[in-house]
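In what follows, a single structure is set out as structure tokens and then discussed.
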Amino acid sequence: MKYLSTRGGMVPQPFSDILLEGLATDGGLAIAQHYPQVSAETLEQWRGLSYDQLAFEILSLFIDDIPTEDLRALTQAAYNPDLYVGDAMVPVKPLQGQMALLGLSQGPTLAFKDMAMQFLGQVFEYVLEKRDSRINILGATSGDTGSAAEYALRGKSRVNVFMLSPNGRMSAFQRAQMYSLQDENIHNIAVNGVFDDCQDIVKQLGSDLDFKQSMQLGAVNSINWARIAAQVVYYFWGWLRATQTSDQKVSFTVPSGNFGNILAGHIARQMGLPIQRLVLATNENNVLEEFFRTGIYRPRSSENTYETSSPSMDISRASNFERFIFDLVGRDSEQLNALWQQLADQGYFDLSHLLPKFEEQYGFVAGQSSHADRLQTIAQTYKDTGVLIDPHTADGVKVAAEYLQEGVPMLVLETALPAKFSETIEAAIGQPAPVPAHLQHLNDLPQQVVVMDADAAQIRAYMEQHV
Ligand SMILES: *Cc1c(COP(=O)(O)O)cnc(C)c1O
């Protein structure tokens, strides 16, 4: 298996060579040369596998430059049940009728990003060890990505993590989660500014090629291919739990921001997993919902991106979307380049002539929700089923209800546990969300964070002193 760039300007490379990179050399995104096909017989054979075994089977279809036994050890370490709360690592939690949650948030930071990041941490360490090299991760976070990355990379001797977060703008729980890590290789930097200021500094330092090279700068952001590949696994897992026979179809609803999570669903479907619909749910930041409704993709500026109560979806320029468009235009890099040129020139592109394909060929439909919808959905779901859901998952449940079909199970991806967003839970049901027992003392732990101004030069100097 080799990887191409969506923009067509990269010599095909094996998995380990694209692992540590952000964008491809031509500015595009790495993508598998073809999608491996999984037959009905193979699906049946996979029914009895544990999560780590299933992860091994699926990831070995995408990764052929790591010896089998090593890849097995990496998946075992990433998907060790001790790292996940509850009895089943990825439980299916029934709601009402055909609707159920796919519980992806039982990992160390209580959000679905752990599912991919835990594998990324293992495979990073492995490849760096093999190459006798080191890497310094520079990232920006508004909450979930940064903590999932830090928990996956803590204590790894060949990796330093420098994570910028907007000072005073994350929830108390998210702050405690990140800043209480005492590992020497984890550096939390709270920047006096907003998330975009953090992001700008990462871009600015990353575009300084000398610095990038001398610091062996790397990224773990949502365009990382290993994260996408690891996310494909749980679509298979969910389908295997929700069906008895291989001719049954399942629909998935995915609360979406950067289009990373649902892209993995698209890939699973292209691999032959019997998925009926992929339902994309957005909050008020509905650029993607608008695309699937109209065929017009018009990203917004950060000034026009609302701050909502499902903050991890407050994104108006979905970084993984290009990979889907690549497939949609028949994997024609020339067309793709022309579309991205249009985006740069006129701020949008129009694929409305392909509208019928979205659902017929790819299963995609979309919907959006508002703050009031989230509160109502959290309260109603709790009242009807006793299950408490987080605001992002609530965006999913609200939209999923609009796309139910007779006889087709609907799995809504649970992207975070409610404890992470307790303020909104309280607004919805009048009481805070329960905190898992092992995290109840999180707030009492000492915190390690340096506060700095939004000044790239200062942050650069800090990094140079701390590698
Ligand atoms: C990251 C995140 C999302 C959005 O996922 P994408 O892969 O960016 O589409 C949704 N919900 C939560 C809780 C998240 O952390």
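Just so you know, all these numbers are worked out from the coordinates, no wet-lab data involved. Nothing here was measured: the structure is a model prediction, and the numbers come from that model. Don't worry about glycine lacking a Cβ; one is built from the backbone with ideal geometry, like all the others, and counts go over all protein chains shown.
Relative contact order (percent) for segment 272-425, with alpha-carbon contacts under 8 angstrom and 6 or more residues of separation? Could you put the intermediate results ahead of the total?
Numbers: 208 pairs, mean separation 45.1, N = 154.
Reported as a whole number, the value is 29 percent.
Report the charge-dipole magnitude of the chain in Debye, nearest 20, computed about the Cα centre from +1 at each Lys and Arg Cβ and -1 at each Asp and Glu Cβ.
On the way: 33 positive and 54 negative charges, 74 e Å.
That gives the chain a dipole magnitude of about 360 debye.
Among Q182, N192, P166, whose Cα sits farthest toward the positive end of the charge dipole of segment 156-197 (+1 at Cβ of Lys/Arg, -1 at Cβ of Asp/Glu, about the Cα centre)?
Q182
In whole angstrom, how far apart do the alpha carbon centroids of segment 1-59 and segment 72-126 sit?
Going from one Cα centre to the other spans 19 Å.
Kindly put W225, W239, W340 in sequence by how many other C-beta atoms sit within 10 Å of each C-beta, fewest to most. Can you show the working numbers first?
Working: W225 20, W239 23, W340 17.
Fewest-to-most Cβ neighbours within 10 Å comes out as W340, W225, W239.
Straight distance only, please: which lysines reach the Cα of K93 with their own Cα at less than 26 Å, same-chain residues fewer than 8 apart left out?
The qualifying lysines are K113, K249, K383, K398, K420.
Find the Rg to Rh ratio for segment 407-467, where Rh is the Kirkwood radius over alpha-carbon pairs and Rg uses the same atoms.
Details: Rg = 19.6 Å, Rh = 16.1 Å.
Rounded to two decimals, Rg over Rh is 1.22.
What's the center-to-center distance, using Cα atoms, between segment 325-388 and segment 238-256 in Å?
Value for the Cα centre distance between the two parts: 20 Å.
Quote the relative contact order of segment 359-467 in percent (integer), defining contacts as alpha-carbon pairs under 8 Å separated by 6+ residues. Before the final figure, lay out the partial values.
Values: 88 pairs, mean separation 22.5, N = 109.
Averaging sequence separation for qualifying contacts and normalising by length gives 21 percent for segment 359-467.
Which order do the peptides 226-236, 241-251, 175-185 take when ranked by the mean count of other beta-carbon atoms within 10 Å per residue, highest first?
Working: 226-236: 24.8, 241-251: 15.7, 175-185: 18.8.
Ranking the peptides 226-236, 241-251, 175-185 by packing returns 226-236, 175-185, 241-251.
Pull up the cross-link candidates among the lysines for K130, meaning alpha carbon to alpha carbon under 16 Å and not fewer than 8 places away within one chain.
List returned: K156.
What is segment 78-207's relative contact order, in percent, from Cα pairs under 8 angstrom and six or more apart in sequence? Mind showing how you got there, number by number?
Working: 198 pairs, mean separation 25.8, N = 130.
Relative contact order of segment 78-207: 20 percent.
Kindly identify segment 31-162 as rounded, prolate or oblate by the Cα gyration tensor criterion: order the square roots of the eigenvalues as a ≥ b ≥ c, call it rounded if a/c is under 1.5, otherwise compare a/b with b/c, prolate if a/b is larger, else oblate.
oblate
Restricting the calculation to Cα positions, tell me the Rg (one decimal) and the Dmax (whole number) of segment 339-467 in Å.
Expressed in Å, the Cα Rg and Dmax of segment 339-467 come to 21.8, 61.
Just check the chain against the gyration tensor rule for me: Cα atoms, a ≥ b ≥ c as the square roots of the eigenvalues, rounded for a/c under 1.5, and otherwise prolate or oblate depending on whether a/b exceeds b/c. Walk me through the numbers before you get to the answer.
Details: a/c = 1.24, a/b = 1.11, b/c = 1.12.
Rounded.
Taking +1 at the Cβ of each Lys and Arg and -1 at the Cβ of each Asp and Glu, which of F349, V467, H438 sits farthest along the dipole of segment 341-467 towards its positive end, judged by Cα position relative to the Cα centre?
H438
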